1. Rounded to the nearest 0.05, what FRET efficiency is calculated for Lys38 and Glu245 with R0 set to 51 Å and r the Cβ-Cβ distance?
2. Once label points are set 7 Å from the Cα along Cα→Cβ at both Glu179 and Leu136, what is their separation, rounded to one decimal in nm?
3. Under the 0.36 nm per residue contour assumption, what length would be gained going from the current alpha-carbon distance of Ala52 and Leu193 to full extension?
4. At R0 = 51 Å, how high is the FRET efficiency between Leu104 and Glu209 if r is their beta carbon distance? Nearest 0.05 is fine.
5. With r defined as the distance between the Cβ atoms of Glu166 and Ala237 and R0 fixed at 51 Å, what FRET efficiency is calculated, to the nearest 0.05?
6. Just to be sure I follow the rule: in region 146-296, considering lysines 8 or more places apart or on different chains, how many pairs have Cα atoms under 30 Å apart?
7. Ranking request for peptides 55-66, 136-147: highest mean number of other beta-carbon atoms within 10 Å first, then the rest in descending order.
Amino acid sequence: MGLGSSAIALLALVISGYLFNLIAYPIRYFSVRAEGQKLFFMAAGSGLLIGAAVFAATGQIKLVPGFQGTSVHLVAAAIDAAIPVPYACRLVATILAAIGCGFLVNGILWLKYGRDNRPIARRVYNRLTDKFGNPLAQMLRRAADGQKLVMLTLKSRKIYCGRILEVPPNIDGDQAYVEFLPSFSGYRDKETLRLGPGRTEYPIIKIWEVQQYLYSLKGVLDFFEEEIEAFGDIGSAQAVAEERERLESEIRDTESALESLSSNPIDVSDWIKVIPVREIESATFYDPDSYDSWFASIEDAGAAITQAANQPGSGKD
């Protein structure tokens with residue numbers, strides 16, 4: 001095999017590894033974080049492993065009695081004749097095997113995680129982030145799954161508080177962004193770094209929360225009806241009717257609450273902010289009640305200590 005043929009064969013193996021790493025969700029998670037030579041060696045390593053398996057398997061197939069003259073043998077011979085590269089058929093088979101193995105890995109993951117409506121790729125990324133992600137990635141992922149309020153402080157001293165809607169798997173990359181639905185925003189004071197006046201409120205988050213609650217209620221009602229249809233009335237007919245009426249009444253009340261918040265249709269996606277991860281200085285979970293009471297108690301305690309220290313006979317003199 002000449003130098004040119006060797007380069008083409010190596011390129012085919014690298015392409016095979018790249019395709020496998022791109023398709024298989026767990027490997028893609030690590031591939032999007034890799035750059036430069038590391039990404040190349042990851043693709044080359046996967047391609048060499050798949051290529052070795054294909055070459056070994058095809059070598060055994062050729063030893064099977066009666067293989068000569070079969071349609072598979074004729075197709076392989078035609079590919080070798082059409083592509084002027086040694087082992088052309090095996091290299092093509094390696095590329096096809098890489099694609100098939102990638103989808104096979106995803107299929108196995110679907111059998112394990114495909115029981116609910118959440119995307120399988122997102123579930124795999126979340127589990128890998130829990131184990132291998134940096135602290136910021138783990139926190140944002142937990143905030144997105146638990147729908148917890150998060151306060152983000154940017155390098156410009158701008159503050160956003162709201163809910164994380166989407167966390168990218170390549171959160172360590174320079175081009176990583178998070179989708180954020182704000183509750184309020186403001187600026188930190190340059191000297192004290194405390195949240196300054198002039199806070200901007202975004203009431204859209206209330207509409208989104210009601211929409212999510214309405215969506216979950218309808219999901220519970222649909223599940224309830226499916227269970228009744230599959231297994232018949234569970235318990236007395238009166239209890240089933242009362243539960244159905246309770247769910248339907250709560251749905252109607254939630255729809256009325258949603259209409260009272262806004263008489264005109266509002267697309268929540270129009271209010272989503274896309275924030276570059278590289279601009280985030282710090283992040284923390286935010287509980288408005290606990291936050292206000294905590295800092296209020298700290299300030300009161302500090303004032304009380306200062307007042308006691310200034311009292312006559314306090315020992316300060």
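1. Plugging the Cβ-Cβ distance into 1/(1 + (r/R0)^6) gives 0.30.
2. Placing both labels 7 Å along Cα→Cβ, they lie 2.0 nm apart.
3. 44.9 nm
4. On the way: r = 40 Å, r/R0 = 0.79.
Taking R0 as 51 Å, the efficiency between Leu104 and Glu209 is 0.80.
5. For Glu166 and Ala237, the calculated efficiency is 0.70.
6. 15
7. Packing order, densest peptide first, comes out as 136-147, 55-66.
Bear in mind that the values in this text are calculations on the coordinates, not laboratory data. Treat the numbers as computed from the prediction; the structure is a model and nothing was measured. Counting neighbours? That spans all protein chains shown, and the Cβs are built from the backbone with ideal geometry, glycine included.
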